[in-house]
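Step one of this worksheet: look at the structure below.
The values are calculated or read from the model by the stated rules, or taken from the named source; none is laboratory data. Fair warning: this is a prediction, and the values are worked out from it, not measured in the lab. Cβ placement follows ideal geometry from the backbone for every residue including glycine, while neighbour counts extend to all protein chains displayed.
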Amino acid sequence: MTFKRIAVIGAGTMGSGIAGQIANAGQKVLLLDLTTKATDYALERLQKSEPAPLHQRGNVDLIETGTIEADFDKLAECDWIVEAVVERLDIKRDLYKRLDAVISDDCIVTSNTSTIPIKLLVAKCLWPSGKGLPSPITLIPCATCAFWSLSAAQTPAPM
């Protein structure tokens, strides 16, 4: 599968590492967080960390940064979005509700959650399926995904 537009939401350790691996694959990626300070720091970490998460320093140029508020509309153009925000169900659910309103039917949304069951994340979404990524993403040569899909009848009722 080839992706035309990829985004990572959350520029912390995992989110920035995932964006770095996408850039290492030669793909452009949009990295969003709450502030430009957070995304600037993420790019700085990617360039200075040892072992180097970027295979080539120039890969950082494949990472476009922005903020969730100012650049959220760009997510409508994406065919793969990786959610890597803080492990709080309320924050993730709010984000997923916002995504629900802008993403295309063909967009794949994945989550980096390791503690929140996916059923809880997507309980209020129109697209009740997802994928999870392992940690630490920057040290794994490939991403393993846990796939699941729920029919509308299997989707938990909103809480």
Checklist entry - Being of a type in the set (S, T, N, Q), outside any loop (DSSP other than H, G, I, E, B) and under 16 Å from residue 85 (Cα atoms), is that true of even one residue in the stretch 27-39? => result yes
Next on the checklist: Cβ-Cβ distance below 6 Å, separation of 6 or more or different chains: which pairs start in the stretch 57-86 with a residue that is touching a residue at least 60 places away in the same chain (Cβ under 8 Å) and end on one that is surrounded by fewer than 16 Cβ atoms within 10 Å (Cβ to Cβ) and part of a helix (DSSP H, G or I)?
Outcome noted: 75/102; 85/91
Checklist outcome for this item: Flagged in the stretch 1-15 as touching a strand residue (DSSP E or B) at 6+ places or on another chain (Cβ under 7 Å) and either among the hydroxyl-bearing types (Ser, Thr, Tyr) or assigned to a strand (DSSP E or B) (or both), in numbering order, are 6, 7, 8, 9
Checklist entry - Just checking, which of 92, 97, 131 is basic (Lys, Arg), touching a strand residue (DSSP E or B) at 6+ places or on another chain (Cβ under 8 Å) and at pLDDT 70 or above? => result 92
Checklist entry - Looking at (1) out of contact with any strand residue (DSSP E or B) (no Cβ under 9 Å at 6 or more places or on another chain); (2) surrounded by 15 or more Cβ atoms within 10 Å (Cβ to Cβ); (3) closer than 19 Å to residue 109 by Cβ, which is the only condition residue 49 fails? => result (3)
Checklist outcome for this item: The residue that is nearest to residue 98 (Cα to Cα), considering only those in the stretch 30-80 that are modelled with pLDDT under 95 and acidic (Asp, Glu), is 79
Next on the checklist: Based on this model, can you work out whether residue 86 counts as buried (at least 19 other Cβ atoms within 10 Å of the Cβ) and either under 22 Å from residue 113 (Cα atoms) or within 14 Å of the chain's Cα centre (by Cα) (or both)?
Outcome noted: no
